[in-house]
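Inspection log for the structure reproduced underneath, given as structure tokens.
The values are calculated or read from the model by the stated rules, or taken from the named source; none is laboratory data. This is a predicted model, so every value here is computed, not measured. Positions of Cβ are backbone-derived with ideal geometry, glycine not excepted, and every protein chain shown enters the neighbour counts. For the accessible areas, the whole protein counts, side chains as well, though only heavy atoms, and no ligand, DNA or RNA atoms are used. Shrake-Rupley method; radii C 1.70, N 1.55, O 1.52, S 1.80 Å.
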Amino acid sequence: SKNDRAVKRGLFDQQGLIELSKHIENIAYDFKNKVINSNGVEYINFSGGYEIQRGLVRTWNRHCIGGLPSKEKLSSLYNTVRPFYEVLFNSPGVMAFQASGINMTEYNNELDIDKSYENRLLVAPFTTLDSKLPENGFLNGRPPSLDYSIDNSKKWIDYLVNFGIIPFRPFPYNDTPVMATTTLGLSYTPISDSSTSWSSPVALSTAVFIKSTEYSDFPLDNILIEQIKADMTPQFCNYTNWDITEYDGKCKMQDPVLYRKHLLFHQGYVD
């Protein structure tokens, strides 16, 4: 009803924001206990994010009466989701992978680009049939090109994975195409298009590969998560057409599928 929709405006006063924050904290705490802790979750794939423009503005326009609140109020409402991000990306011993947004900005994607989430890698794809990248991704020169919508956000992205395809029909691909699984992992087929949502599972499976082959005798705690992240993006790359602040010397651009680091069946993670 119009009355119900008008009440939503109360979320934007100070008391409403406090109540909403407490509500989301409770949801996050419940999720951590009932899903992460009770199931012994070690890895999280988050093929999404929460943006002010797509998450809040569109929702407001669909469900609420009147003009949009100020940018400051939208930002305050957006940040009430922070406790859930904290659970997803800072839970001890849980390594998380989030698909990057595109055309990201500090205002619109504040949570997605926040580097305080130490157990998370923000992941995006690039597509080329021959990346010429070695197994550790070390490169002293010009790296493969990125789509514009990812290139303008690359300073926030932690890991860029080659899909080994050219996203035009009839979808030519190299000899190690990315393999996509369904939600339940009941089928396994070559990916034939590029999406940031499909890039984070590739990074996750690479981390599982590293854990199971290099550190099988060690528990997945925060120390090991940092080590796996360091193995996935080693230092000392020199991307000659990037500003150093956009990659900090880390070898962000990787081609793990080329080196068979996507062996989910072999490792027992997909039946």
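3J(HN,Hα) along the range 75-84, derived from phi through the Karplus expression 6.51 cos²θ - 1.76 cosθ + 1.60 where θ = phi - 60°, amounts to 5, 5, 5, 4, 6, 5, 7, 3, x, 6 Hz, with x in place of Gly and Pro.
Put simply, when 31-38, 143-150 are sorted by average Cβ atoms within 10 angstrom per residue, most first, you get 143-150, 31-38.
Annotation: C64 carries an accessible surface of approximately 20 Å², with a 1.4 Å probe and no ligand, DNA or RNA atoms counted. Using a cut-off of 30 Å between Cα atoms, the listed pairs K155/K261; K155/K211; K73/K250; K211/K250 include K73/K250 as exceeding that distance. Per-residue packing, averaged as other Cβ atoms within 10 Å, sorts the ranges 91-100, 207-216 into the order 91-100, 207-216, beginning with the highest. Computed on protein heavy atoms with a 1.4 Å probe, the accessible areas place K250, K22 in the order K22, K250, largest first. Each residue of the range 95-111 is assigned a 3J(HN,Hα), and the resulting list reads 9, 10, 10, 10, 5, 5, x, 10, 6, 6, 9, 5, 7, 6, 10, 3, 6 Hz, derived from the Karplus form 6.51 cos²θ - 1.76 cosθ + 1.60 (θ = phi - 60°), x at Gly and Pro.
Please state the equivalent ellipsoid semi-axes for the range 220-266: what are the square roots of 5 times the Cα gyration tensor eigenvalues, largest first, in whole Å? Kindly include the intermediate steps, with their values, before the conclusion.
Working: eigenvalues 114, 54, 8 Å².
The equivalent ellipsoid of the range 220-266 has semi-axes of 24, 16, 6 Å.
Carbon and sulfur: what percent of the range 19-156's accessible surface (1.4 Å probe)? The value for the range 19-156 is 50 percent carbon and sulfur by accessible area. Candidate cross-link partners of K132 among the aspartates and glutamates, defined by an alpha-carbon separation under 15 Å and a same-chain spacing of 8 or more, comprise D175, D255. Sequence neighbours fewer than 8 away in the same chain don't count; with that in mind, list the lysines whose C-alpha is under 19 Å from K34. Result set, ordered by chain and number: K22.
Set against the 2.2 N^0.38 Å expectation for a compact globular protein, the range 12-122 has a Cα radius of gyration ratio of 1.13.
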